[in-house]
1. Take segment 128-146 and flag every residue that is open to solvent by less than 10 Å² (accessible area, probe 1.4 Å) and more than 11 Å from the chain's Cα centre (by Cα).
2. Before we move on, is ALA34 open to solvent by less than 50 Å² (accessible area, probe 1.4 Å) and assigned to a strand (DSSP E or B)?
3. Contact list please: Cβ distance under 7 Å, first residue in segment 145-166 and under 21 Å from THR189 (Cβ atoms) and assigned to a loop (DSSP other than H, G, I, E, B), second residue of a type in the set (Ser, Thr, Tyr) and modelled with pLDDT of 95 or more, pairs at least six apart or on different chains.
4. Sort out which residues of segment 51-88 are among the aromatic types (Phe, Trp, Tyr) and either under 25 Å from GLN169 (Cα atoms) or open to solvent by 30 Å² or more (accessible area, probe 1.4 Å) (or both), and write them in order of number.
5. Take segment 3-20 and flag every residue that is modelled with pLDDT of 95 or more, open to solvent by 60 Å² or more (accessible area, probe 1.4 Å) and out of contact with any strand residue (DSSP E or B) (no Cβ under 8 Å at 6 or more places or on another chain).
6. Give the residues of segment 156-198 that are more than 19 Å from MET73 (Cβ to Cβ), surrounded by 15 or more Cβ atoms within 10 Å (Cβ to Cβ) and out of contact with any Ser or Thr (no Cβ under 7 Å at 6 or more places or on another chain), sorted by residue number.
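The values are calculated or read from the model by the stated rules, or taken from the named source; none is laboratory data. Note that the coordinates shown come from a computational prediction; the quantities given were computed from them, not determined experimentally. When we count neighbours, we look across all protein chains shown, and the Cβ atoms used for this are built from the backbone with ideal geometry, even at glycine. For the accessible areas, the whole protein counts, side chains as well, though only heavy atoms, and no ligand, DNA or RNA atoms are used. Shrake-Rupley method; radii C 1.70, N 1.55, O 1.52, S 1.80 Å.
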Amino acid sequence: MANTDLKALALVCTLNPSPARSSSQVLAEQTLEALHAHGVTGEAVRIADHDVRSGVAVDMGEGDAWPSIREKMLAADILVLSTPIWLGHPCSVAQRVLERLDGELSETDDEGRQLTYGKAAAVCVVGNEDGAHKVGADLFQGLNDVGFSLAAGAETYWVGEAMQGTDYQDLEKVPEAVASTTRTLAANTAHLARALRDRPYPSA
């Protein structure tokens with residue numbers, strides 16, 4: 001394993017606060033484990049456990065939990081966004097996270113670059129219906145719009161059989177296709193994050 005010189009933050013966007021079980025949490029933690037093999041340490045934060053206010057500013061005032069989560073994001077090299085599919089879309093919590101990240105559009109360094117420009121992002125998606133590619137596309141676009149870079153293969157996902165009730169967290173073992181995709185996400189995202197750290201984007 002490489003030296004642990006990178007940090008990751010996984011934002012888990014399940015609708016359910018702890019201690020409820022969550023497939024989004026499981027896949028996010030598996031992704032962090034895969035990243036660890038490439039010199040990345042990290043933690044997962046379940047957004048539903050915190051009072052993240054609606055809005056598009058970096059701080060929505062007294063009681064807003066986003067500023068403390070944002071500090072962790074700014075300290076990380078990699079942001080992982082993990083969401084379930086609901087009605088064919090990223091869940092409302094994931095949308096709220098993207099809206100709060102919109103506040104980064106007005107936050108820049110001394111050379112006029114957004115603070116997110118030096119960071120890589122990746123996506124985890126789980127659900128019991130089709131739609132993982134569509135959800136990933138939505139999140140990729142949003143994350144890129146607010147300054148994150150995405151490596152090749154930066155999405156891992158599991159979608160169960162339509163109209164059935166099996167959840168990812170209930171599988172007896174991780175399907176090899178999912179495990180392989182997660183390993184690719186980790187390898188490519190760590191590579192990109194390290195490249196961005198060592199050779200930042202030029203100023204405008």
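1. Of everything in segment 128-146, those that are open to solvent by less than 10 Å² (accessible area, probe 1.4 Å) and more than 11 Å from the chain's Cα centre (by Cα) turn out to be ALA132, VAL135, VAL146.
2. Here the answer is no, as ALA34 does not meet what is asked.
3. Correct list of pairs: VAL146/THR116; GLY147/THR116; GLY147/TYR117; PHE148/THR116.
4. TRP86
5. Hits for segment 3-20 are ASN16, PRO19.
6. TYR157, TRP158, VAL159, VAL174, ARG183, THR184, ALA187, ASN188
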